[in-house]
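Worksheet: the structure to be examined is printed underneath.
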Amino acid sequence: MTLALRTPWTVWGIHRPPSSKIVDYEKDLIKVASFDSVESFWNTYSYLNPPSTLPVVTDYQLFRSGVRPVWEDPENIKGGKWILRLKKGIVDQLWEDLVLAIIGGSIAGGTDDICGAVVSIRAAEDIISVWIKREDPLLIDSVKEEIYKALNQTPANLEMQYKSNSGQSSPRRFLI
């Protein structure tokens, strides 16, 4: 028996050498896999290397199928993202917990208000972001609380910041 997810998802990846710049971000994105069931998610997820083992300046992006992992996509442009900056060594479990909460529908009630999530491996820190479709204060606060719940083993003093994709609202910082 196949357990269908409420929506299909696509995993993307991008890497650049630390000393270079990406000229055409969308051109450099690699579509890794898509899935629409619990079984196909686990097949995909078990194939991927854990984020902590990725080279520096590599990202995994998990987005609803049909939504490109760029802020210019029509599904993303009117929204924003919660950004979590992590000390090295803790990203794998937090990423897995967050991915399961997103595809399982426990963040934003399973609505399409969550566009996706990104894990970025950098030299000094790792970054996870959760992308929201629209700038609604109630939605923004609700997603923040649901991220807290999904990351029930969140380290003390973890920085969490909300940033608008339009650049029109000022960042909001929270310590969790």
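Given Ser46, Ser52, Ser37, which one is of a type in the set (Gly, Ala, Ser), modelled with pLDDT of 85 or more and touching a Ser or Thr at 6+ places or on another chain (Cβ under 6 Å)? I'd like the intermediate steps shown before the answer.
On the way: Ser46 fails: touching a Ser or Thr at 6+ places or on another chain (Cβ under 6 Å); Ser52 fails: touching a Ser or Thr at 6+ places or on another chain (Cβ under 6 Å).
It is Ser37.
Considering only region 72-101, state which residues are small (Gly, Ala, Ser) and surrounded by 14 or more Cβ atoms within 10 Å (Cβ to Cβ). Step through it out loud before you land on a result.
Filtering region 72-101 for residues small (Gly, Ala, Ser) gives 79-80, 89, 101.
Correct list: Gly79, Gly80, Ala101.
Go through Val119, Val99 for me and flag whichever is within 26 Å of Pro8 (Cα to Cα), in a strand (DSSP E or B) and modelled with pLDDT of 95 or more. Before you say what the answer is, go through the steps one by one.
On the way: Val99 fails: in a strand (DSSP E or B).
Val119 is the lone residue from the list that is within 26 Å of Pro8 (Cα to Cα), in a strand (DSSP E or B) and modelled with pLDDT of 95 or more.
Mind listing just one residue for me: the one in region 38-96 that is closer than 21 Å to Ile147 by Cα, of a type in the set (D, E, K, R) and part of a helix (DSSP H, G or I) and, of those, farthest from the chain's Cα centre (by Cα)?
Asp92
Looking only at residues in region 102-116 that are in a loop (DSSP other than H, G, I, E, B) and small (Gly, Ala, Ser), which one is most open to solvent (accessible area, probe 1.4 Å)? Let's see the steps before the verdict.
In the first step, residues of region 102-116 are kept if they are in a loop (DSSP other than H, G, I, E, B); the result is 105-107, 111-113.
From what's left, small (Gly, Ala, Ser): 105-106.
Values: Gly105: 17, Ser106: 75 Å².
Per the criteria, the residue is Ser106.
Take the residues in region 1-24 that are surrounded by 14 or more Cβ atoms within 10 Å (Cβ to Cβ) and among the hydroxyl-bearing types (Ser, Thr, Tyr); name whichever of them is nearest to Gly110 (Cα to Cα). Before you say what the answer is, go through the steps one by one.
Initially, region 1-24 is screened for residues surrounded by 14 or more Cβ atoms within 10 Å (Cβ to Cβ), giving 5, 7-16.
Subsequent filtering for residues that are among the hydroxyl-bearing types (Ser, Thr, Tyr) retains 7, 10.
Values: Thr7: 9, Thr10: 16 Å.
Step by step, filter region 1-24, then rank; the result is Thr7.
The values are calculated or read from the model by the stated rules, or taken from the named source; none is laboratory data. Note that this is a predicted model, so its numbers are computed, not measured. Every residue, glycine as well, gets a Cβ built from its backbone with ideal geometry; the counts of neighbours run over all protein chains shown. Keep in mind that these areas ignore ligands, DNA and RNA; they rest on the heavy atoms of the full protein, side chains included. Shrake-Rupley method; radii C 1.70, N 1.55, O 1.52, S 1.80 Å.
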